[in-house]
Ligand code: DC
């Protein structure tokens, strides 16, 4: 399977930016699976659906229309590209993503997009659950301090009240939840190439991945 490249890793590991640039370089589509969980979280908040209400969540996930076009994301016709990138939706999406009914609902959508063409897909379980048969699988990591700093730089543009300490605390909480949940937790498997991006520029990270991919063709 040469046409799907998976990149998994924790928040702030740089996998989103790396995946997007890599996709451009290769002429592949890019799928940010975290945005799908963020979209569901956004809709749940919008409709005041409790995360304990499995029936309502099942209905929500079964009926949500997520549209991905040119790097923008819309939920039921509303462009939420910017709105889903807040600390609040980040936290809510991590909670939402631990719910099995939500993961099951988003599985086919992700799988179908991958099967349609050549895709760089990134998230927490893309190489383990969504496309385990991919030939090129990567796990991107970085020290928690650096990841928090990167996330803080993004978040402070939207939320001037955010602090580095709070961002670090949130990242640790999300790391713990995303990697210990029962259903498709964030895991590094032996068939993934591990890259530690601490101290590397995004171009250096992309170059490392690109070289591995190119040598596999
Ligand atoms: O990568 P991100 O911060 O946009 O992801 C938001 C949340 O979505 C993350 O905390 C966990 C969840 N997620 C997931 O469970 N599985 C994925 N493949 C991608 C994201």
TODO: Just give me the residues in the range 39-58 being within 20 Å of residue 82 (Cα to Cα), within 16 Å of the ligand (Cβ to nearest atom) and without any contact (Cβ under 8 Å) to a residue 60 or more places away in the chain, in sequence order.
DONE: 39, 41, 42, 43, 44, 45
- [ ] Mind listing just one residue for me: the one in the range 123-138 that is buried (at least 22 other Cβ atoms within 10 Å of the Cβ) and within 22 Å of residue 95 (Cα to Cα) and, of those, farthest from the ligand (Cβ to nearest atom)?
- [x] 127
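A quick yes/no check of all residues on (1) within 13 Å of the ligand (Cβ to nearest atom); (2) without any contact (Cβ under 8 Å) to a residue 24 or more places away in the chain:
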residue	(1), (2)
60	no, yes
64	no, no
85	yes, no
118	no, no
140	yes, no
156	no, yes
Task: Of all residues in the range 81-122 being at pLDDT 95 or above and in contact with a strand residue (DSSP E or B) (Cβ under 6 Å, 6 or more places away or on another chain), the one that is surrounded by the fewest Cβ atoms within 10 Å (Cβ to Cβ) - done: 81
Open item on the list: Can you go through 12, 16, 34 and tell me which one is within 17 Å of residue 89 (Cβ to Cβ) and at pLDDT below 95?
Closed with: 12
- [ ] Among the numbered conditions (1) closer than 23 Å to residue 135 by Cα; (2) away from the ligand (no atom under 15 Å from the Cβ); (3) loosely packed, with under 14 Cβ neighbours inside 10 Å, tell me where residue 193 comes up short.
- [x] (3)
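The values are calculated or read from the model by the stated rules, or taken from the named source; none is laboratory data. All figures in this text were calculated on a predicted structure; none of them were measured in a lab. Cβ: placed from backbone, ideal geometry, glycine included. Neighbour counts: every protein chain shown.
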